[in-house]
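Have a look at the structure below, then the notes.
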Amino acid sequence: MKKAIAFLISAALLLCGCAFHADEDELIVVGFSQVGSESSWRIANTRSMTETFSEQNGFELIYDDAKNKQQNQYDAIREFIQQEVDYIVLAPITETGWDGILTEAKNAGIPVIIVDRSVSVADDSLYTCKVGSDFLEEGAKAARWLESELESRGKKDVRILHLQGTRGSTSQLMRTKGLETAVAANPDWEIAAQFECDYTEAMGYEVTRDYLEKDKNINVIFSENDNMSFGAMRAMDEAGITYGKDGDVIVISFDAVRSALTECLKGNINLCVECNPLHGPRVRSLIEQLENGELPQKQSFVEETVFDCSTIKQEDIENRAY
Ligand code: AHR
């Protein structure tokens, strides 16, 4: 009788697209090593992962917050291996430094799924597959928008204050590459200064405040996430510098979380480049493919857009899940 009930539950779970595990003992165990909680984007990403990998959905999630330290990610992965999890999901802080620990996971026979940023390893069989944003395209989109914006204003020369995310992370490396490629192609563009702000509002504020004390002659803030943009905007308010649609400084921001879109609608941020954090269902779909004996695509990118302060609409904000 028990077997018949278990079979019926399994069939029902299968029909609703849930994992094929009828009782608690059969939950799929996922060890997730998260970067930290540096930004609104990251908090939305953690929520997406924890909501998706719930017991109700057939998973046991072992979550570890690395507090932005790679050594903590090594320690977490070693623990996941000892706990014999079914899958390791890694949101890597930086691109390099993964060969050794991922070899340990491979030797233990545990599939590794990379989410959000990438890893740069000599042997790409060290991970099973990867899902995240095309960060180079994000940077390039921002640069293309700036080119056309300046053209429509009849302005050529600009001095850019560049606020970078965590150095060595894919999102920083690629967004920076997108900007630097455009600067190399536009002789009248100058990067006035470049600072690492670790994707936090506090550093975006402090760095911009200190910089503006020495040099107020900037026309663009290219800020690699929304939280750093909020910090920079506060510093400009204090320094009496206007920005946004009708201001002196053009603000370009990455992520497009709801609070940034609200600032964009008000005209305080000129461009929000979307970086979508809702990876939970995407990672779940990769695990389900593996559970079904399928081999998922090695690398998949998320579709993303941009929001311009002249065209953004109230419904873009209302429809925002994060
Ligand atoms: O890797 C994605 C980046 O990490 C987001 O742009 C940033 O907000 C986050 O912390």
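The values are calculated or read from the model by the stated rules, or taken from the named source; none is laboratory data. Computed from a prediction, not measured in an experiment: that's the story for all the values here. Glycine also receives a Cβ, built like all others from the backbone with ideal geometry; neighbour counts cover every protein chain displayed. Side chains are part of the model used for accessible areas, which takes the heavy atoms of the whole protein and leaves out ligands, DNA and RNA. Shrake-Rupley method; radii C 1.70, N 1.55, O 1.52, S 1.80 Å.
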Checklist entry - Can we say Ile114 is among the β-branched types (Val, Ile, Thr), over 19 Å from the mean Cα position of the chain (by Cα) and at pLDDT 95 or above? => result no
Item to check | Check on Ile191, closer than 23 Å to Ala140 by Cα and open to solvent by 10 Å² or more (accessible area, probe 1.4 Å) | outcome: yes
Item to check | helices (runs of 4 or more DSSP H) contained entirely in segment 188-293, each with at least 3 residues that are of a type outside the set (A, V, I, L, M) and not assigned by TED's automatic domain parsing to the domain that holds Lys313 | outcome: 280-291
Checklist entry - Within segment 153-181, how many residues are buried (at least 16 other Cβ atoms within 10 Å of the Cβ) and either within 12 Å of the ligand (Cβ to nearest atom) or hydroxyl-bearing (Ser, Thr, Tyr) (or both)? => result 13
Checklist outcome for this item: Of the residues in segment 13-47 that are at pLDDT 95 or above and of a type in the set (Gly, Ala, Ser), the one that is nearest to the ligand (Cβ to nearest atom) is Ser39
Item to check | Where Gln289 falls short, out of the listed (1) free of Cβ contacts under 8 Å to residues at least 12 places away in the same chain; (2) open to solvent by 70 Å² or more (accessible area, probe 1.4 Å) | outcome: (2)
Next on the checklist: Which of the numbered conditions does Thr311 fail, given that it passes all the others? Conditions: (1) in contact (Cβ under 8 Å) with a residue 24 or more places away in the chain; (2) assigned to a loop (DSSP other than H, G, I, E, B).
Outcome noted: (1)
Next on the checklist: Give me the helices (runs of 4 or more DSSP H) completely within segment 29-110, filtered to those with at least 3 residues that are farther than 29 Å from Asn225 by Cβ, ordered by residue number.
Outcome noted: 70-82, 99-107
Checklist entry - Could you count how many residues in segment 234-252 are open to solvent by less than 10 Å² (accessible area, probe 1.4 Å) and away from the ligand (no atom under 14 Å from the Cβ)? => result 6
Next on the checklist: Kindly evaluate Glu138 against the criterion of being in a helix (DSSP H, G or I) and either charged (D, E, K, R) or open to solvent by 30 Å² or more (accessible area, probe 1.4 Å) (or both).
Outcome noted: yes
